[in-house]
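Working notes, structure below.
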Amino acid sequence: MSTTQSERLRELLEPLVSSQGLDLEEIAVDSVGRKRVLRVVVDSDTGADLDRIADVSRALSAKLDETDAMGPGEYTLEVGTPGAERLLTEHRHYTRATGRLVRFQLTDGAELVARILTVDDEGVDVEVPGVKGRKPTARRLPFGDIAKARVQVEFSRKDKKDTTEEEEA
């Protein structure tokens, strides 16, 4: 049974990332000209600030140098967090996206944009925004009905905290 370089790197680096209190979300090795770039994406339930990213980056770099896992030649290590419009592929991703607006592609071909309210082992409860003055509606989406889900960026959303402060003023 052959394993890819990404799988070998995951086996090597995942315990180190976990020991830092983070989840290893993605590993990719890309060629850029003659150089290679190792991209490592990490996250946690509480997020990952720059200090945590720097700490895990140093630890990964030391481990990679110690084991020569990247082989000969130069490479660049890039450690970061998932982008703003992250793809939701695992249960923990849905949990972390609670309160966020998500574009769902359903297995029946339909598309839905809704806010995740709660997540359990079977699926998600969402709130579908009302259109043209109508009230939002609640809906249940079993995981088996979701083909793809991606977090959406919101530029004009008011947090409940902001709304409460405005009402008190």
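The values are calculated or read from the model by the stated rules, or taken from the named source; none is laboratory data. Keep in mind that this is a model prediction, so the values were computed, not measured. We place every Cβ from the backbone using ideal geometry, glycine too, and count neighbours over all the protein chains shown. Accessible surface areas use protein heavy atoms only, side chains included; no ligands, DNA or RNA. Shrake-Rupley method; radii C 1.70, N 1.55, O 1.52, S 1.80 Å.
Surface analysis of segment 80-125 yields an accessible area of 52 Å² per residue, using protein heavy atoms and a 1.4 Å probe. For segment 54-115, the relative contact order comes to 20 percent (Cα pairs under 8 Å, sequence separation of at least 6).
Phi-derived couplings, Karplus 6.51 cos²θ - 1.76 cosθ + 1.60 at θ = phi - 60°, listed residue by residue for segment 40-51: 10, 10, 10, 7, 7, 4, 9, x, 9, 7, 4, 5 Hz, with x used for Gly and Pro. For the chain, the longest piece that avoids every one of the GluC sites (Glu not before Pro) found in DSSP loops with at most 12 other C-beta atoms within 10 Å covers 1-73. For segment 81-159, taking Cα atoms only, Rg and Dmax work out to 12.1, 37 Å respectively. Each label point was placed 7 Å from the Cα along the Cα-to-Cβ direction; for Arg39 and Asp121 their separation is 3.5 nm.
Relative to the dominant Cα principal axis of the chain, helix 5-19 is inclined by about 70°. Computed over protein heavy atoms with a 1.4 Å probe, the carbon and sulfur contribution to the accessible area of the chain reaches 47%.
For Arg100, the residues whose modelled amide H falls within less than 5 Å of its own, excluding neighbours fewer than 5 places apart on the same chain, are Ile116. Computed from label points 7 Å out along Cα-Cβ, the spacing between Arg58 and Glu90 is 2.6 nm. Under the criterion of Cα pairs below 8 Å and six or more residues apart, the relative contact order for segment 13-166 equals 17 percent.
Our estimate of slack between Ala69 and Asp145, defined as 0.36 nm per intervening residue step minus the Cα-Cα distance, is 23.4 nm.
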